[in-house]
Amino acid sequence: QVQGGLRWCRPARCTWVSHCACPGVGPRTLAMARVMTLAVISLATRVLANDGAPPVFKISAHSLYDAGLQQGRLAADRIKAWRHSEEMQKLVSWTEGGGKEDFEKMKRDNSAAFPQYVEEIKGIAEGSGLDLDSIWVLNLIEELESKMGLNPLNPPAPKHREGHCSDIYAVSAQGYSGGFYHGHNEDWSGVVKDLWYLVELFPQPGADFEQCGGLIYPGTLSAWAAAWNGHGIYMTQNTLFPRNSSVGGLGSVFMQREALCGKSGSRGVDAVVDAVTSHRWSDGGSVNIVDLRSRQMANIEIYEQDHVVTWVTAAMGNYSHFNNFKAYKPGVVDMPEPSSVHRQARVDQLPAPHSREDVIARLSDDSDTAYPIFRDMTIATLILDGSTGRLDVWCCGQRPNSGSPPFATFVLTPNFTTKLEEDATAMLFA
C-alpha cells in the first residue's frame, strides 16, 4: 500500500515496527516505518506531558471555516495523535480500500445536506495540517466503524464487548419544580482518553453561526459528544449498535450539531427533537436532551429514518440509557450488548434516583466488576443540575463521588463560559 511516497505493509500481514514478509519491502522502508511509528508515540507522549486535565479552547470566529481553522491550530498535536492512532489508521486504510465507495457516498450526502459544517471541517484540516479526508474520517467514526465491521455486534468483535456511554436522568420527588438532573459518563477506549478537549464557539458580529460548546474528540465538530448551546439546551449521545447500517444517510455528528446549534436550537426542545429526526441517519443513536428553560428532558432512539421519543416526565421520575435500544424494536434492530445489559441491570437494582447525589452515585458505581458503570474507559463524567444550569465535569480517572472537585464547571446560560460563583442565582430561567 503506497501512502505519502512510502510503501506500507498491511497490518493483516505484518506490523510496522517488526520484520515482516511483505513483498518488495526492504530494510530501509521498514526503518522509515519504525521512525514514523515512534514519532506518533512521541507526539502522544508530549501531548500527555503538557498537563493532566484537558484544555478548554475558547474560540471567537467570524465564520465556521475560521472556527475550524482555530480549533485545528489550537489542538493540532492532539488531532494528529488521534489520527495516527491504531484505531484511526485502520479506518483510514479501510476508506482508501474496500470502504472507499461507502466513504465517498457519505461525504457527498453530508456535504449536500450541511455545506456550512463542511467549511468548518476544511478549517480544521487546514489548521491541523492534516488532509481533508482524515478529518472526514474523524467526524464519521461512528458510521464508518459500523460499516467496517468494528461494531461490537459484528465480527471481528472481541468476546468481551465494552459498549460505550451511560446516561442517568432524575427528577425530584416534588417534580421538576423541586429539581431535575442529568448525568453522563463519556466512555471510549484507547488513546483518545488522553487527547480529548473542550471547545466553546462564540460568533463574532455578523457571523453565520450560533454559540456552541462541548466535549470534543480530536478534530470533530461540536455536538457529537456532550454539548450545549446558548439557549439552555444540553445534549449527549449513547452509541447504539444496529445489526445493519445503510450506505447512504447522514452522519450523527452533522445531525446533532444542526439540531442543537443550528436555528432549531433557539426554538426549544420540540424543535431540537424535530431537527435531529428530520432526515435519514446512516446508522442510529440514542440522543439525550435537557431543556433548562422549559424544564423538560427527553431521550430519542433513532435508527435510519425511524425514531421513538421518550419524555422523562415527573410521573416517571427517572430514566436511564446505555448502548442497547430500549424503546425502538429492542433485540430486533440490535442484539443485547453484554455491558449495556449489566449496566442497566445494576441501575435497575438500585432505588430510583431523584437527586444530584443519586445521579453521581449511579455513574460512579463499579460493583459489577465484569461490566462496571464507571470504568477504565470512562474519559469524563458530566453532571448537570437543571435548576441552576450548573454543569460539572470530572476527568482523568476521577469518579464524581471521590471527593475530588470537578476539573471544570460551566453555567449553561447565554454566556455559558461564566464560572459558577457561590452566590449565583438559584434559577437561571425563572
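Structure values in brief
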item: Positive minus negative residues near residue 245 (Lys, Arg vs Asp, Glu; Cβ under 10 Å); result: -4
item: Beta bridges per DSSP with both ends in region 210-296, % antiparallel, nearest 5; result: 90
item: Kirkwood Rh, Cα atoms: Rg over Rh of region 270-351; result: 0.98
item: Note, ³J(HN,Hα) from phi for region 91-107, Karplus 6.51, -1.76, 1.60, rounded to Hz, x at Gly and Pro; result: 5, 4, 4, 5, 5, 8, x, x, x, 4, 5, 4, 4, 5, 5, 4, 4
item: Area of residue 94 that stays accessible when all protein chains are in place (1.4 Å probe, Å², to 10); result: 50
item: Two-decimal Rg to Rh for region 244-315 - Kirkwood Rh, Cα set; result: 0.98
item: Under 10 Å, Cβ to Cβ, from residue 60 - net charge with Lys/Arg +1 and Asp/Glu -1; result: -1
item: Ranking by accessible area, most exposed first, for 184, 231, 62, 164 with a 1.4 Å probe; result: 62, 231, 164, 184
item: For region 184-260 versus region 66-123, the gap between their alpha-carbon centres in whole angstrom; result: 14
item: Environment charge of residue 352, counting only residues whose C-beta is closer than 11 Å and scoring Lys/Arg +1, Asp/Glu -1; result: -1
item: Out-of-range pairs (alpha-carbon distance over 28 Å; input 58/263; 80/107; 122/263; 263/326; 263/329; 193/263); result: 263/326; 263/329; 193/263
item: Simple Cβ-charge dipole of region 331-386, Lys/Arg +1 and Asp/Glu -1, about Cα centre, in debye nearest 20; result: 20
item: For region 82-240, average projected area of the Cα convex hull in nm²; result: 12.1
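The values are calculated or read from the model by the stated rules, or taken from the named source; none is laboratory data. Note that the structure is predicted; figures quoted are calculated from it, not measured. Here Cβ is always computed from backbone atoms with ideal geometry, including for glycine, and neighbour counts include all displayed protein chains. Keep in mind that these areas ignore ligands, DNA and RNA; they rest on the heavy atoms of the full protein, side chains included. Shrake-Rupley method; radii C 1.70, N 1.55, O 1.52, S 1.80 Å.
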